[in-house]
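Engineer: Next up is a structure, given as structure tokens.
We did not get these values from a lab; they are worked out from the coordinates using the rules stated. Remember, it's a predicted structure, so these values are computed and weren't measured experimentally. Glycine gets a Cβ as well: all are built from the backbone with ideal geometry, and neighbour counts include every protein chain shown.
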Amino acid sequence: MKTQLSKPAGRKASYTDQYKQEALKLWRSSGRSAAKVGAELGIRPPLLYRWAQLEREPEASTSNRKCRRSVEELVAENRHLRAENAKLLEQREVLIAVCPDRTNERLLQGSLVM
């Protein structure tokens, strides 16, 4: 049976930002698992994952702001896509009129869908 060591109840361990950054740097540069690096440092692996996630969160929120498009751009894209859809529907109707055999219609529709 595996015995798990637990910290004495009392106060929660706190780590400096510099310690967290060094631990993440060691983990990333070593190519080893979080469990192995955590065992060396005396911390649990989920703590490394949490620190890495907290480090990435500010980057994710700024990248989302950069990707947002204006309403005018979205309206223009929507207009373009509607026109393209109407053109494709018209082309499909022409193809169906040229090939009235119903068995070939399924083949045509299948080849138009990409």
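Engineer: Would you mind ranking Trp51, Trp27 by Cβ crowding within 10 Å, fewest neighbours first? All intermediate terms of the calculation are to be shown ahead of the outcome.
Structural biologist: Details: Trp51 19, Trp27 22.
Final ranking by Cβ density, sparse to dense: Trp51, Trp27.
Engineer: Expressed as a whole number of Å, what is the distance separating the alpha-carbon centroids of segment 70-91 and segment 12-63?
Structural biologist: 46
Engineer: Then there is this: So what's the net charge close to Ser30: Lys and Arg +1, Asp and Glu -1, counting the other residues with Cβ under 13 Å from its Cβ? Intermediate results must be reported in sequence, preceding the final value.
Structural biologist: Values: positive: Lys25, Arg28, Arg32, Lys36; negative: Glu22, Glu40.
So the surrounding residues net to +2.
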